[in-house]
1. Report yes if Ser265 is surrounded by 14 or more Cβ atoms within 10 Å (Cβ to Cβ), closer than 20 Å to Asp146 by Cα, polar (S, T, N, Q) and at pLDDT 90 or above, otherwise no.
2. Out of all the residues in region 270-305, which are part of a loop (DSSP other than H, G, I, E, B) and at pLDDT 85 or above?
Amino acid sequence: MLALAFDGVLALGLLAVAWQALHSADLFRAVISFMVFGVLMAVAWVRLQAPDIALAEAAISAGITGALLLSALGRLPSGGPRPPLRVGWQEVLVWGPLGALFVLALGITAVRLPAPGLGHEVHEALARAGAENPVTAVLMNIRALDTLLEVTILLLAVVVGWSFRSSVSAAAARVPSPALPALARLVFPVFLLAAGYLLWAGTHAPGGAFPAGAVIAAGGVLLLLAGAAPALENGPPLRWALASGVLAFLLVALGVMLAGQSFFSYPPAHARGLIAALEVAISLAIGFMLIALYVGGEPALRRRRWS
């Protein structure tokens, strides 16, 4: 009974915070409401016994995406609060029944789906997939092509962001705080340690490359706020780091094809090692891509120093 009451309060809280994020007249309050919504969604995924999704939701939605929105908000011209969005009875009469119909259709579809889904098939494939965690096995082996496309889309988002603004100084993100550099030096190793743990745990427990990359990005954003601008100089190292995830996927896929396997069909004897290498490359790529998105444009080119 207590668990049911908690779930009800959580559902109402999600609706209330979502409404606040969409209809708040203050953009800063809307962004904070969105970040709170991400935290509540992570709790909801935990209640649904999906800890992997909860980790990604907390790190990416509530953390990095909130930082991106705050960064974009800081670049907007200053002005008064926007007028609140007023919903008339005509909109309620139109969108209310449509929303109820959509929820009803989702409920009917969920009821008609087979109860275990594809869980049985996935667990049967774990012995040769190279990972004990079914989520990692699906993302890095069984449906590796889908993960490649996701990382490629994120890389394209960075390219599009760079096309809008060039020669952006990473030092512009610095916050004038005398205590922040010392805090960054103290906390950044903890971010790296947490990312390493998530990578290690991802093969047999909730974790993996996506949460690890988000943690790396959070540490990188902290360094930028502390004034560590040289960490994001535009040059070959940064570009290779951004493309490392896509390149690692393509190298592994083409390598197994040259070895006589089909595309993204890992040999069972080498699947664990290939997945570990992929997760390291993808976590680094995701971390750098999220940091690059936070900067808001293409960093200034690194100047060569001639001796």
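The values are calculated or read from the model by the stated rules, or taken from the named source; none is laboratory data. This is a predicted model, so every value here is computed, not measured. Note that we place each Cβ from the backbone using ideal geometry, even for glycine, and neighbour counts take in every protein chain shown.
1. Working: surrounded by 14 or more Cβ atoms within 10 Å (Cβ to Cβ): yes; closer than 20 Å to Asp146 by Cα: yes; polar (S, T, N, Q): yes; at pLDDT 90 or above: no.
Criteria not met by Ser265.
2. Our first condition is that a residue be part of a loop (DSSP other than H, G, I, E, B); within region 270-305, this holds for 270, 296-298, 300, 302-305.
Hit for region 270-305 is His270, nothing else.
Here is a yes/no grid of residues against (1) at pLDDT 90 or above; (2) surrounded by 13 or more Cβ atoms within 10 Å (Cβ to Cβ); (3) part of a helix (DSSP H, G or I); (4) of a type outside the set (Val, Ile, Thr):
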site: Ser166; (1), (2), (3), (4): no, no, no, yes
site: Pro181; (1), (2), (3), (4): no, yes, yes, yes
site: Pro189; (1), (2), (3), (4): yes, no, yes, yes
site: Ala194; (1), (2), (3), (4): yes, yes, yes, yes
site: Pro206; (1), (2), (3), (4): no, yes, no, yes
site: Ala212; (1), (2), (3), (4): yes, yes, yes, yes
